[in-house]
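**Student:** Could you have a look at this structure, given as structure tokens, before my questions?
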Amino acid sequence: MGSDSEVWLNNGVDGFTVGDSLPIGDAVSVTVGEFGGGVGLDLAFGRVPTVNGDVPANPVLINNGSGSFGTPVAFLGTSATNDILAGDVNTDGLTDLVFINTSGVHQIWTATGGGFELHGEQIVDGGALVGVLTELGFTDVDDPGGVDLALGGALQVGTSVYLNDGFGNLGRGDAVPPVLSLIGAASVEVPANDNYADSGATAEDNIDGDISASVVVTSNVNTAIVGSYVVTYNVTDFAGNEAAPVTRTVTVAPAAGTGGGGGGGGTVGPLILFLLMFAACLAAWRANRAIIQAGAQEQNQRGLGNA
């Protein structure tokens with residue numbers, strides 16, 4: 001550490017010849033990949049500084065096409081790095097970098113096509129000293145994607161494996177469930193025998209974005225029967241996280257001018273009410289007339305008897 005790093009070029013015959021000498025110092029690891037040059041494999045170094053004041057940044061150097069490297073185009077990170085790995089973590093066709101840091105907090109730097117940016121998720125593994133970034137042949141979601149990470153440390157520590165969730169997450173992966181939101185009111189009323197058109201729900205995930213098309217609706221609404229029904233909405237993101245379900249209450253009410261369901265009776269229309277009142281008045285009039293007639297007949301009979 002502290003000395004220059006050297007590039008050795010295959011001579012195509014039986015050995016190597018010395019190439020560039022790179023005065024970057026404190027390099028303890030190196031990886032190769034296509035980092036933006038496009039004319040040959042580029043280099044990225046992991047460093048553990050040994051001099052006070054030396055910034056522990058990891059340099060990225062671009063191949064000029066003849067095996068020579070100029071000034072580093074980027075210095076990444078602020079932690080001392082034991083190992084540096086290259087691979088396409090987020091499956092966008094660009095080569096990303098993973099730093100195995102002495103701090104125990106390891107970083108993913110994703111390529112942007114013109115540089116690198118730090119991934120928002122970091123990997124915490126205090127025993128890790130070295131790593132391997134490759135497709136391990138299995139994944140934690142149905143659709144494999146991106147390289148996985150295996151970390152090793154001191155003897156007796158063992159190996160840790162971090163599976164790529166298909167979206168470039170190697171740490172916890174996508175562990176945040178999506179959020180469901182109702183479209184429209186949480187309680188609605190519909191007349192009996194009318195068509196019910198549900199307004200639906202939207203679903204938003206922190207990784208997958210808008211997944212409203214994946215919302216599953218469970219409903220037993222029957223507008224032929226007066227009553228209360230519940231419509232339930234569920235959704236699962238691509239990593240298998242289930243959202244908290246949301247519901248809507250649908251009340252099927254008796255239609256205007258019709259009787260209600262069950263034994264409760266329904267509403268009475270104005271015409272029917274008028275006819276009922278008329279019939280009651282007519283019956284009362286007839287009863288009163290019958291009483292008057294009966295009284296008159298009784299008086300007549302008494303008069304005849306006295307005569």
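The values are calculated or read from the model by the stated rules, or taken from the named source; none is laboratory data. Note that the coordinates shown come from a computational prediction; the quantities given were computed from them, not determined experimentally. Because the Cβ atoms are built from the backbone with ideal geometry, glycine has one as well, and the counts that use them run over all protein chains shown.
**Student:** When you look at T71, is it under 14 Å from D42 (Cα atoms) and surrounded by fewer than 20 Cβ atoms within 10 Å (Cβ to Cβ), yes or no?
**Tutor:** On the way: under 14 Å from D42 (Cα atoms): yes; surrounded by fewer than 20 Cβ atoms within 10 Å (Cβ to Cβ): yes.
Against the criterion (under 14 Å from D42 (Cα atoms) and surrounded by fewer than 20 Cβ atoms within 10 Å (Cβ to Cβ)), T71 qualifies.
**Student:** I've got another one for you. Report every pair of residues separated by at least 6 positions or lying on different chains whose Cβ atoms are under 7 Å apart, first residue within the range 202-216 and free of Cβ contacts under 8 Å to residues at least 24 places away in the same chain, second part of a loop (DSSP other than H, G, I, E, B) and crowded, with 16+ Cβ neighbours inside 10 Å.
**Tutor:** Taking only residues 6 or more apart or on different chains, the pairs are S214/V235; V216/V235.
**Student:** Scan the range 160-215 for residues that are among the acidic types (D, E) and surrounded by fewer than 15 Cβ atoms within 10 Å (Cβ to Cβ) and jot them down.
**Tutor:** Residues satisfying the conditions are E189, D194, D210.
**Student:** Could you check the range 35-58 and list, in sequence order, the residues that are closer than 22 Å to I123 by Cα and either in contact with a Leu (Cβ under 8 Å, 6 or more places away or on another chain) or of a type in the set (F, W, Y) (or both)?
**Tutor:** Listed by number, the residues that qualify are A44, F45, A57, N58.
**Student:** Which numbered condition in (1) in contact (Cβ under 8 Å) with a residue 40 or more places away in the chain; (2) touching a Phe, Trp or Tyr at 6+ places or on another chain (Cβ under 8 Å) is the only one that E121 fails?
**Tutor:** (2)
**Student:** I would also like to ask the following. Out of curiosity, is T71 closer than 26 Å to G126 by Cα and either in contact with a Lys or Arg (Cβ under 7 Å, 6 or more places away or on another chain) or among the β-branched types (V, I, T) (or both)? Steps first, please.
**Tutor:** On the way: closer than 26 Å to G126 by Cα: no; either in contact with a Lys or Arg (Cβ under 7 Å, 6 or more places away or on another chain) or among the β-branched types (V, I, T) (or both): yes.
The answer is no for T71.
**Student:** Condition check: over 30 Å from G93 (Cα atoms), out of contact with any helix residue (DSSP H, G or I) (no Cβ under 7 Å at 6 or more places or on another chain) and part of a strand (DSSP E or B). Does V18 satisfy that?
**Tutor:** Numbers: over 30 Å from G93 (Cα atoms): yes; out of contact with any helix residue (DSSP H, G or I) (no Cβ under 7 Å at 6 or more places or on another chain): yes; part of a strand (DSSP E or B): yes.
Yes.
**Student:** Name the pairs: first residue in the range 243-262 and on the phi < 0 side of the Ramachandran plot and loosely packed, with under 14 Cβ neighbours inside 10 Å, second residue among the polar types (S, T, N, Q) and modelled with pLDDT under 95, Cβ to Cβ under 9 Å, at least 6 apart or on different chains?
**Tutor:** Once the first residue is on the phi < 0 side of the Ramachandran plot and loosely packed, with under 14 Cβ neighbours inside 10 Å and sits in the range 243-262, its partners that are among the polar types (S, T, N, Q) and modelled with pLDDT under 95 give A256/T267; G259/T267.
**Student:** May I pose another question? If I go through the range 21-52 residue by residue, how many of them are part of a loop (DSSP other than H, G, I, E, B) and more than 13 Å from S3 (Cβ to Cβ)?
**Tutor:** The number of residues fulfilling the criteria is 11.
**Student:** Please state which of the following conditions Q156 fails to meet, knowing it meets all the rest: (1) more than 30 Å from V246 (Cβ to Cβ); (2) at pLDDT 75 or above.
**Tutor:** Of the numbered conditions (1) more than 30 Å from V246 (Cβ to Cβ); (2) at pLDDT 75 or above, the odd one out for Q156 is (2).
**Student:** In the set E135, E117, which member is assigned by TED's automatic domain parsing to the domain that holds N52, within 26 Å of the chain's Cα centre (by Cα) and at pLDDT below 90?
**Tutor:** Working: E117 fails: at pLDDT below 90.
Result of the check over E135, E117: E135.
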